[in-house]
Amino acid sequence: MASKSQSLIALLVAALSVQLLASDSAPLGGWQPIQDLSSPEVQDLAKFAIAEDNKAAGAKLEFQSVVRGEEQAVAGINYRLVIAALDGGVSGNYEAVIWVKDWEKFRNLTSFKKLPGLV
């Protein structure tokens, strides 16, 4: 005879499996392409990333555009954006990861780096 904890675990696993099979969204933790890179939210996140890096690094990057982007469901949403920006008049691509929890009005630039060459 199974213990109560074993039965509860089996029930939770079954419920989670049904939920995942029924869901047509990306699995939790998987990166998915952002469909509308020109949306105000994506543009705002890219500008936020540039501004945060400028503050942290003392840089003077100027936002140009979002080249591509992906999102990942976590405790909130991670956005991984490739951003075209000017650095002293020279265009380059930068990868930014921004962690967002809208319900807490929280944004954090978790990484920002220059990408080599054209992306």
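The values are calculated or read from the model by the stated rules, or taken from the named source; none is laboratory data. Since we're looking at a predicted model, the values are computed, not measured. Virtual Cβ from ideal backbone geometry, glycine too; neighbours counted across all protein chains shown.
Within the range 33-77, restricting attention to residues that are assigned to a loop (DSSP other than H, G, I, E, B), at pLDDT below 95 and hydrophobic (A, V, I, L, M, F, W, C), the residue that is farthest from K101 (Cα to Cα) is A59. Determine whether D53 is among the charged types (D, E, K, R) and surrounded by fewer than 17 Cβ atoms within 10 Å (Cβ to Cβ). No: the conditions fail for D53.
The residues in the range 30-45 that are touching a residue at least 60 places away in the same chain (Cβ under 8 Å) and acidic (D, E) can be counted, and the count is 0. Across the range 85-104, the number of residues qualifying as surrounded by fewer than 17 Cβ atoms within 10 Å (Cβ to Cβ) and in a strand (DSSP E or B) comes to 5.
Every test in (1) among the charged types (D, E, K, R); (2) more than 13 Å from L45 (Cβ to Cβ); (3) assigned to a strand (DSSP E or B) is passed by R107 save one, and that test is (2). Is it the case, given these coordinates, that A96 is under 25 Å from G29 (Cα atoms), touching a residue at least 40 places away in the same chain (Cβ under 8 Å) and out of contact with any helix residue (DSSP H, G or I) (no Cβ under 8 Å at 6 or more places or on another chain)? No; evaluated as a whole, the condition is false for this residue.
Within the range 46-72, residues that are closer than 23 Å to D36 by Cβ reach partners that are surrounded by 14 or more Cβ atoms within 10 Å (Cβ to Cβ) and polar (S, T, N, Q) with beta carbons closer than 7 Å, at six or more positions or on different chains, in the pairs V66/Q43; V67/N93; E71/N78; Q72/N78. What residue, among those in the range 56-79 that are touching a strand residue (DSSP E or B) at 6+ places or on another chain (Cβ under 6 Å) and closer than 17 Å to F106 by Cα, is surrounded by the fewest Cβ atoms within 10 Å (Cβ to Cβ)? Filtering first and then ranking leaves I77. In contact with a Ser or Thr (Cβ under 6 Å, 6 or more places away or on another chain) and farther than 17 Å from G29 by Cα - does that describe any residue in the range 78-93? The answer is yes; a qualifying residue exists. Hey, among the residues in the range 78-119 that are among the aliphatic types (A, V, I, L, M) and more than 21 Å from K60 (Cβ to Cβ), which one's modelled with the lowest pLDDT? Looking at the filtered set, the residue picked out is V119.
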